[in-house]
């Protein structure tokens, strides 16, 4: 205390002295009296789950299943009385909203009221769990946790048009009662476990969060942005699947839980190969067939290449023996030429370049280090259609991947065509393009000499979409046809040394040197390319090659060509049957080695780590037993195995608590994402562990837990308050009644659709869009709207959900922004909610639809009013309500009554 108190004398302001004294006093008191302020390795949630039996209770009539035994025991210990069973209408309305998120019909209520037996109740539970709407309801809960948002967030907030397969996968998996351990493994390593649409869609969990596409130009900014991204992904995995805020250990050991900084970086190492992006995926049914056909085509191409190579050598030898009859032709005149001798000026046109990121000119060449070095030119003053890209290049490394030599692109770097080395096939030249739209792997010899000496490469693009690649003046691989890309004047430039990008986010760097480059605003012929390459005297046409083949070789070539064509046709048919794009994980197969960063600083690596997890968790071994530089596939599979290990006590405790939270309004631990010190102790620890073991014993069936919870007497209790119990347990910690709750925003919207008769039950596929898009200076803005359209009447879980711009009606009722995980939602009560339910455009449209339905189903106004109450409240109105309803309808119209009913507590609240 003495050094601190002496420091106070140097503070000049009295109020600062007072504040510091208070802090010192609190610190001294808490340390003196041993107040628990952090968890150690013996924290309850980290310990094994022991076998436990439900306690014996004397009042058997209060027990419908083992859950009630645990609840009654706690109630008796705290001198609390359980509430009576709720009336049949309340039970069924509660059950419908909990399990499928939609209201029951009046007829379904009456059927149960006529036979309110346990058997009838259980039958309804089973029917709802088998309903397709179950997956929609509980899928929405999972999407909250998974921070599912269909735009990137941050400054650009670009839309993610193909993230919806993840949502559909979640809904289908829940409807099929996929075992929870498999459900989790698929979201961590699905693309490895089940390559194709299903696995790629599932693993999109890792990439569902925010993604910063503007990361700055310096090495520090880029590495910091990457560490931020890894923290977001690692935090999501830790909190979602094993309930620990591991991301709090990025800069130092966790302040509250036994998680070291080293363990945090071991987890980030396990996820180090995860990047955001779109992937072309194939249905699992066709993956193996396609792979087999591709291998067979490659084998045929190799045989054809060998036949051609032998015949070409013969043709060259024959030509060498012929007398030279004419001079060497000059090459074609380009539109732009860069010699790289003294500057980056275009010696023919105006496309002058600028060095960036360490690129330099040396000995008549452009030198590129493969690490953020590139050149960009000024913009074209004319539109570009047909074109030819050409360069003389020497590589530093034949194993580099996705390295751009020369390209043409829109100035924002989004649309591009470029000559790329090692794009999809190692040591091969390819036509790179935006999202691989115009990139195809059609053979070509493996590059073996470009490190030893410069080689000539070129690509021509014709108006009909034909793309032809050249190497050393000869056609490289096969010509193919795809879509044709035009480029606009003022918005198009040439790039060197990178695949594409803008100044702040370039990508695909080349390690090597470019000696000369040329651009043509037309597609050169093969002869012109050969002439430009300086090899026209050695240009060998297909006719020349055939002339040097024997009859047997020609027959063999013909048979192989015909076989290849048939295989290509089969391949094309298979690919067209189920090929799609999915926004998901773009995995980096070799993520490299991970280091602990000093205080989280991106440029201060210290100790090297191996992929692993948290040692304090009993059961599974935290060290994964793989190398520091293990491939991404090994890392994520090991992490998935660790999380779902049968002896991992956090795995089943976390999901059990989540289900309890959604059914009862609060978890047995009140922080569903944090079972560490900050989450505190459970209210019913034995019940939590008994349910967790039930999940494991029943093949990780979530529907099994649902049945236990909703069939319990605790769940079926009335929500009516008991004054004596309220005094002792005002927040209902011990569950002496069923806490009432307000409809969540999505269920409220869906209920209005259902009651109005407008609900469109279409499942799956791209979400409906009730927002317009506007792009300004690279940023996307979203403006909500509403109109009469069947697509807009789908369930809210299918709404296209961009970050930062939500529907007004959903926003008013606490629908969370998907920028962060939402394990439990805020529940507010504001005047805006009443105003939204009375004036929002969607509500007005639903009220009109409700009124139209009433007029179709009932003739007289009196009958229409009665039917309105039945549909909205799932009960008959009393005389006073009918009288009031008639008065409103006669004076203001039937749709006004519908608006009033939508705006009532009875419609919005679940008792």
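The values are calculated or read from the model by the stated rules, or taken from the named source; none is laboratory data. On a predicted model such as this, the values are computed, not experimentally measured, just so you know. Using ideal geometry, Cβ is built from the backbone for each residue, glycine included, and neighbour counts are taken over all protein chains shown.
Taken over region 125-156, the criterion of being modelled with pLDDT under 95 and either surrounded by fewer than 20 Cβ atoms within 10 Å (Cβ to Cβ) or in a helix (DSSP H, G or I) (or both) is satisfied by 154, 155, 156. Could you give every pair whose Cβ atoms fall below 8 Å, whose first residue belongs to region 872-883 and is in the same structural domain as residue 902 (by TED's automatic domain parsing) and in contact (Cβ under 8 Å) with a residue 40 or more places away in the chain, and whose second residue is in a loop (DSSP other than H, G, I, E, B) and surrounded by 17 or more Cβ atoms within 10 Å (Cβ to Cβ), counting only separations of at least 6 or pairs across chains? Pairs found: 874/103; 874/104. Selection of strands (runs of 3 or more DSSP E) fully inside region 430-548 by the criterion of at least 3 residues being farther than 26 Å from residue 567 by Cβ returns 455-461, 492-496, 511-520. The set of residues in region 841-870 being exposed (fewer than 15 other Cβ atoms within 10 Å of the Cβ) and in contact with a helix residue (DSSP H, G or I) (Cβ under 8 Å, 6 or more places away or on another chain) consists of 855, 857, 862. Could you please let me know if residue 695 is touching a strand residue (DSSP E or B) at 6+ places or on another chain (Cβ under 9 Å), surrounded by 22 or more Cβ atoms within 10 Å (Cβ to Cβ), modelled with pLDDT of 95 or more and not in a loop (DSSP other than H, G, I, E, B)? For residue 695, the condition - touching a strand residue (DSSP E or B) at 6+ places or on another chain (Cβ under 9 Å), surrounded by 22 or more Cβ atoms within 10 Å (Cβ to Cβ), modelled with pLDDT of 95 or more and not in a loop (DSSP other than H, G, I, E, B) - is not met.
Got a sec? Which of 378, 356 is closer than 23 Å to residue 487 by Cβ, at pLDDT 85 or above, out of contact with any helix residue (DSSP H, G or I) (no Cβ under 9 Å at 6 or more places or on another chain) and surrounded by fewer than 16 Cβ atoms within 10 Å (Cβ to Cβ)?
378
Any residue in region 322-340 that is at pLDDT 85 or above, surrounded by 13 or more Cβ atoms within 10 Å (Cβ to Cβ), farther than 29 Å from residue 436 by Cα and under 44 Å from the mean Cα position of the chain (by Cα)? Yes, region 322-340 has at least one match.
This table checks each residue for (1) within 27 Å of residue 428 (Cβ to Cβ); (2) free of Cβ contacts under 8 Å to residues at least 40 places away in the same chain.
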| residue | (1), (2) |
| --- | --- |
| 348 | no, yes |
| 360 | no, yes |
| 374 | yes, no |
| 382 | no, no |
| 396 | yes, no |
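Out of 238, 272, 243, report the one residue that is under 18 Å from residue 643 (Cβ atoms) and free of Cβ contacts under 8 Å to residues at least 40 places away in the same chain. Write out each step before concluding.
On the way: 272 fails: free of Cβ contacts under 8 Å to residues at least 40 places away in the same chain; 243 fails: free of Cβ contacts under 8 Å to residues at least 40 places away in the same chain.
Exactly one of 238, 272, 243 is under 18 Å from residue 643 (Cβ atoms) and free of Cβ contacts under 8 Å to residues at least 40 places away in the same chain, namely 238.
Is it the case that residue 92 is part of a helix (DSSP H, G or I), touching a residue at least 24 places away in the same chain (Cβ under 8 Å), outside the structural domain of residue 414 (by TED's automatic domain parsing) and in contact with a helix residue (DSSP H, G or I) (Cβ under 8 Å, 6 or more places away or on another chain)? Yes, satisfied. With respect to the conditions (1) at pLDDT 95 or above; (2) surrounded by fewer than 20 Cβ atoms within 10 Å (Cβ to Cβ), residue 752 falls short on a single one, namely (2).
Test of understanding: among 173, 204, which residue is at pLDDT 95 or above, touching a strand residue (DSSP E or B) at 6+ places or on another chain (Cβ under 8 Å) and part of a helix (DSSP H, G or I)? Spell out the reasoning first.
On the way: 173 fails: touching a strand residue (DSSP E or B) at 6+ places or on another chain (Cβ under 8 Å).
From the options 173, 204, the qualifying one is 204.
Of the residues making up region 369-379, those that are part of a strand (DSSP E or B) and closer than 27 Å to residue 490 by Cα are 374, 375, 376, 377, 378, 379. Looking at region 689-703, is at least one residue within 23 Å of residue 911 (Cβ to Cβ) and in contact with a helix residue (DSSP H, G or I) (Cβ under 6 Å, 6 or more places away or on another chain)? So far as region 689-703 goes, no, none of its residues is within 23 Å of residue 911 (Cβ to Cβ) and in contact with a helix residue (DSSP H, G or I) (Cβ under 6 Å, 6 or more places away or on another chain). When the residues of region 434-454 are filtered to those that are touching a residue at least 40 places away in the same chain (Cβ under 8 Å) and in contact with a helix residue (DSSP H, G or I) (Cβ under 9 Å, 6 or more places away or on another chain), the one that is surrounded by the most Cβ atoms within 10 Å (Cβ to Cβ) is 443. Which is surrounded by fewer than 17 Cβ atoms within 10 Å (Cβ to Cβ), in a helix (DSSP H, G or I) and in contact (Cβ under 8 Å) with a residue 60 or more places away in the chain, of 838, 773? Among 838, 773, only 838 is surrounded by fewer than 17 Cβ atoms within 10 Å (Cβ to Cβ), in a helix (DSSP H, G or I) and in contact (Cβ under 8 Å) with a residue 60 or more places away in the chain.
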